1. Hey, got the Cα dimensions of the stretch B:75-189 along the principal axes, in Å, largest first?
2. Please figure out what share of the DSSP beta bridges in the stretch A:1-108 is antiparallel and state it in percent, rounded to the nearest 5.
3. In whole angstrom, how long is each semi-axis of the equivalent ellipsoid of the protein assembly as shown, when you take the square root of 5 times every eigenvalue of its Cα gyration tensor and sort them from largest down?
4. Can you list the residues, at least 5 places off or on another chain, whose amide H is less than 5 Å from the amide H of residue A:264, using H built in the peptide plane?
5. Please compute the average number of Cβ atoms from other chains found within 10 Å of each residue's Cβ in peptide B:247-257.
6. Against the globular-protein guess of 2.2 N^0.38 Å, express the Cα radius of gyration of the stretch A:1-47 as a ratio, rounded to two decimals.
7. Please identify which residues in the stretch B:234-269 have an amide N closer than 18 Å to a label point set 7 Å out from the Cα of residue B:177, following the Cα→Cβ vector.
8. Would you please give the residues with an amide H less than 5 Å from that of residue B:116, counting only those at least 5 places away or on a separate chain, with H modeled from the backbone geometry?
Amino acid sequence: MMNPVITLTTDFGTRDSYVGVMKGVILGICPTAQVVDISHEIPPQNIAAAAFVLRTAVPYFPPGTVHLVVVDPGVGSERQPVAFATPEAVFVGPDNGIFGALWQQARERWSAAAVQAVRLEEPRFRRPDVSATFHGRDIFAPAAAHLAAGVPLQDLGPPLDELLHLPTQQPTWETDTSLVGAVVYIDHFGNCITNITAAHLEQLGAPEHLTATVRTHHLPLAHTYASVSPGEALALVGSSGHLEIAVRDGSASHTLAITPGTAVKVEKK
Amino acid sequence: MMNPVITLTTDFGTRDSYVGVMKGVILGICPTAQVVDISHEIPPQNIAAAAFVLRTAVPYFPPGTVHLVVVDPGVGSERQPVAFATPEAVFVGPDNGIFGALWQQARERWSAAAVQAVRLEEPRFRRPDVSATFHGRDIFAPAAAHLAAGVPLQDLGPPLDELLHLPTQQPTWETDTSLVGAVVYIDHFGNCITNITAAHLEQLGAPEHLTATVRTHHLPLAHTYASVSPGEALALVGSSGHLEIAVRDGSASHTLAITPGTAVKVEKK
Amino acid sequence: MMNPVITLTTDFGTRDSYVGVMKGVILGICPTAQVVDISHEIPPQNIAAAAFVLRTAVPYFPPGTVHLVVVDPGVGSERQPVAFATPEAVFVGPDNGIFGALWQQARERWSAAAVQAVRLEEPRFRRPDVSATFHGRDIFAPAAAHLAAGVPLQDLGPPLDELLHLPTQQPTWETDTSLVGAVVYIDHFGNCITNITAAHLEQLGAPEHLTATVRTHHLPLAHTYASVSPGEALALVGSSGHLEIAVRDGSASHTLAITPGTAVKVEKK
């Protein structure tokens, strides 16, 4: 590839040199890489948030993109450094649950032979002195850069059969016409994204016959923010394919006092 | 072009995957693009701030740069998605007033034939499924990438004769020797940038004969921060060509309690 | 070089267009540059923090990288704009002490002939109109881009024999077995990095025989965060080679009320 793409998702923030250092390591190995920041503001050590942010980004990158994720509460412990490849993308990071859902979905979608994982063990593809505290620099960035530069996945270490999969909270059906989910992520605008998907809503019926309840607020299900007046709240399927609680030109999180975990019920009117 | 430049100006913040997703879409279409962030911290839905930040950046980019702006309170409503090209640069975003001043200046500077606008309508240059909430990903990023890759502007949609132009607050002459303007933007350092330009000041006279008044403070007009002692306030023409109120090695906004809209008077001593 | 690397370290923040403007200037001169942000969140005008952040990044970039630093409380005053080159890297910025330690180390490591500095004076390698307030845009970004594009250092201005070197606080030996240092930098995670290095610790003895005291807390010296339970504090040599005070999965700065300058004593148990 002429201009391989490597994305970065971390909880490092952008104040220190940590992110820049990883890019320096990458460009020393793969000088033509296009390095793209997805986010460095994952809440510290929040594996679920990292997994959510990554899943919303992956489908929009070109085939062969290498996604490097370093949210790593277990650095220095026995969690494994891993990489895995699908026919669409490559993933590099700690095996702490970040990749569980992506791995499982890939295994269901493609043949097991098309979705391979390895433990990052080969010293040639690490920095010479691996520190105890910064595997992003010493293990993961070199692996991502070598993979982007064309090194075959299996050269980086022995194969793995499974990656760690953390259970994620799923919505529950109260009745056939009433589904209770929860807010799983709140974005920069204060939009509150739930674990209820467009597929769930299709089982419930047409949006105009549904209502969403969050705390004591009953909200219409709409197609766009412009369906309500500025300052009013609504529920809609957002760009990630999940039901979101939003306030037009405002912050639903602030206005409705929603935090991660707040319950959201959708039911027939 | 070998390495076309695409800039991004949004109110998306950098915490979520929104900006990374737009870059993924761009690199899938134009793999050699140099994508440059101008700002993702435009105050949410603040069209005036986006227009100001963009205007301070545009003159410093190489010819042919594509400037992509997504500050879009009307996403999902009837505002038009547009692109326009001048002999120096290309602009892509919602027609909500962001581009009004740039468009008008370009029309005055060059012939109408040299400054063309289109409505972004052609499905080939959008993502297949356009969401109701994320036109940055589905309409604007693809358009910018195709334009950077060499697609002619007129292929993206039907021509437009006008872009929306929002009135901007101009300084007013109280007398021939006294001009009253306002703070329009406060930067990261707390420098308070006004709508009074170097051209206005030339009409008033030499800086050493002028004084700036903000709230109850009378400030000298100076050439550099170093004209006053650390911690002292001054007025000077900043790097954007506008009069700024600054505090040497400090924040004028905090020290003098200045907010956007605060009046600034310049008059002869 | 095909893809020269230019890094940026500033106190500009990322809200305004200042950083984007410097990148526009760079790409106009050196279109194939890989521009990497190290940090734009250096505390305003904090030269010591900029020097620390830069030093932690430099060793990880490929040979020939141009490091552009703009933390410049003296912009508009008489401090000199400089560039210097070592066999490994090139540095561009104001001569206000940012580069002192790097310059001195380079002079000690290589011959004086291999480490050259110049005053950035040559008008061909500046923007035509140099403003009084934004030398990052008008002097430093053009210099960095021309150097990355292959212009020889000596073409940019007359040679300099010395760069400004600010004294930095060093740890002091209370006795042969007791060393007192200070916290010099606190990172995004709240890890508190001291001026005590791995070399200092080697003089004291094996880590298991040492204890670190910060305020009233006595902490073990450990190899990894995983040596203690989540929420517990420890001292360890971090990825920068300096002793850090950390809390596993937490913030040492918040938990132990540590600020820059807080004393840290290491002694034999």
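Derivation of every value follows stated rules applied to the coordinates shown; laboratory data play no part. Predicted model, so just to flag it, every value in this text is computed and none were measured. All Cβ positions, glycine included, derive from the backbone under ideal geometry; neighbour counts span all protein chains shown.
1. Principal-axis extents of the stretch B:75-189 (Cα, largest first): 58, 33, 29 Å.
2. That works out to approximately 25 percent antiparallel.
3. Sorted largest first and rounded, they come to 39, 39, 27 Å.
4. Distant-sequence amide H within range of residue A:264: A:181, A:182, A:183.
5. 1
6. 1.22
7. Those under the cut-off are B:265-269.
8. B:85
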